[in-house]
Amino acid sequence: MKKKINILITCAGTTNNYVGYFQDALHDLGEVHTANITIDTVAMNVSDRPHLVPPVDDKNYISELLNVSIKNDISLIIPMIDIDLFLLSASKELFEKNGIKVIVSDSSVITTCNDKIKMSIFLKKLGILSPKTYCRVKSAIAAIDSKKLKFPLIIKPRFGIGSLSTYIVNNREELLFFYRRSKTEIEKTYIPLIFFKKNHYPVIIQEVIHGQEYGLDVVNDLNGENKAVFVKRKVIMGARETEAAETVYNDAIYQIGKKIGKNLRHNANLDIDVISSNEKHYVIDLNPRFGGGYPYSHLAGANIPKAIIAWSFGQPLKSEWFTIKNGIKSYKGRAYFFAKNN
């Protein structure tokens, strides 16, 4: 094990919670660095050392990350957004040749999670429910005509990034209009450069599931073996994220998370969104990374940053890192204020 462990969190943005978690996990063993396209984010200003890098769609992005890592003796890289997962997974060997471990799953795992069509197929093979999903308007309309599908429907990117180009539609006219609009919006972004070829269908049409929402953290070790599943009931939902959640034990949802973890064989954390409706449980999203809901698990006793460091550098593990207390309700703050002298 290296005497000093420096960690780099990429696309840091608003990941200040994670900066703090890894700083606490390291204690005095090293530093937490951040990389981002701008210095003016909370995470960049609370990290031990911030680094400016090009945007992820820049051809020099990976080489600049590598340069930053080598110059600052980085031992471990933690990618935080979906685009980074693809790029760093493809470049994993390059970093490892330079003694830098990247906490990222194989490209096949990332594709299964990010491509909503492949995700649906993967879940179906496991006998796990997900929303009915179509990538062609004609197929969706045929399903509507045959009463297999009904409005309202949701239109969103097949290769999802947040809530970009996502619309609820209530009739055929809206379906046609917003499908075209979503497709045009997506094609103007960097998403096509990374996620799909020109002949792919970039937009999907899904049934809308109403019910109680849950968030899961499914934790595997760095060999893909499942170690824990944390279940949170979403109490308050904001525009894009969970504002409040409570840790709970729901055996049916727990078993869904465990089955996915054992079969997907991802590395470290997998963030899952589930909606329960009429005693059925539908998986909505799979994100093979830390998600916005992990802090609710952390506040209830989990400590996956410590586990990642232990797995990476041969340190002893503690069972308490993989255990949470149920009934812990936590809230996300709406503001974060601090001052820093230039």
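Couple of notes before you dig in:
- A residue that is under 25 Å from ASN263 (Cβ atoms), at pLDDT 90 or above and part of a loop (DSSP other than H, G, I, E, B) can be found somewhere in segment 195-209.
- Residue that is most open to solvent (accessible area, probe 1.4 Å), among those in segment 17-31 that are touching a residue at least 24 places away in the same chain (Cβ under 8 Å) and not in a helix (DSSP H, G or I): LEU29
- Residue within segment 286-308 that is assigned to a loop (DSSP other than H, G, I, E, B), more than 26 Å from ILE154 (Cβ to Cβ) and either of a type in the set (A, V, I, L, M) or in contact with a Gly (Cβ under 9 Å, 6 or more places away or on another chain) (or both) present: yes
- Options THR34, THR14, THR41; residue that is buried (at least 22 other Cβ atoms within 10 Å of the Cβ), within 21 Å of the chain's Cα centre (by Cα), under 30 Å from TRP321 (Cα atoms) and polar (S, T, N, Q): THR34
- Complete set of residues in segment 226-253 that are open to solvent by 20 Å² or more (accessible area, probe 1.4 Å), modelled with pLDDT of 95 or more and out of contact with any Lys or Arg (no Cβ under 7 Å at 6 or more places or on another chain): LYS227, ARG233, LYS234, ASN250, ASP251, ALA252
- Screening segment 50-83 for residues that are in contact (Cβ under 8 Å) with a residue 60 or more places away in the chain and part of a loop (DSSP other than H, G, I, E, B) and picking the one that is nearest to ILE103 (Cα to Cα) gives MET80.
- Applying the criterion of being of a type outside the set (A, V, I, L, M) and modelled with pLDDT under 95 to the residues of segment 46-57, the residue that is most open to solvent (accessible area, probe 1.4 Å) is ASP57.
- Flag: ILE256 does not match the condition of being modelled with pLDDT of 95 or more and closer than 23 Å to PRO79 by Cα.
- Close Cβ contacts (under 9 Å, 6 or more residues apart or on different chains) running from residues in segment 262-273 that are in a helix (DSSP H, G or I) to residues that are of a type in the set (D, E, K, R) and at pLDDT 95 or above comprise LYS262/GLU225; ASN263/LYS125.
- Looking only at segment 296-305, residues that are under 19 Å from the mean Cα position of the chain (by Cα) and open to solvent by 20 Å² or more (accessible area, probe 1.4 Å) come to 3 in all.
- ILE117 vs. criteria farther than 24 Å from PHE22 by Cβ, open to solvent by 20 Å² or more (accessible area, probe 1.4 Å) and in contact (Cβ under 8 Å) with a residue 60 or more places away in the chain: yes
- Qualifying residues in segment 81-111 (those that are polar (S, T, N, Q) and open to solvent by 30 Å² or more (accessible area, probe 1.4 Å)) - the one nearest to TYR201 (Cα to Cα): THR111
- At least 3 residues being under 16 Å from LEU270 (Cβ atoms) and in contact with a His (Cβ under 9 Å, 6 or more places away or on another chain) is the threshold, and among the helices (runs of 4 or more DSSP H) wholly inside segment 87-164 those reaching it are 107-114.
- Members of segment 309-330 found to be in a loop (DSSP other than H, G, I, E, B) and under 28 Å from GLY99 (Cα atoms), listed by number: GLY314, GLN315, PRO316, LEU317, LYS318
The values are calculated or read from the model by the stated rules, or taken from the named source; none is laboratory data. Because the structure is a prediction, the values reported are computed rather than measured. FYI the Cβ positions are ideal-geometry reconstructions off the backbone, even for glycines, and counts take in every protein chain you see. The protein model used for the area step is the full one, side chains on, heavy atoms only, and it has no ligands, DNA or RNA in it. Shrake-Rupley method; radii C 1.70, N 1.55, O 1.52, S 1.80 Å.
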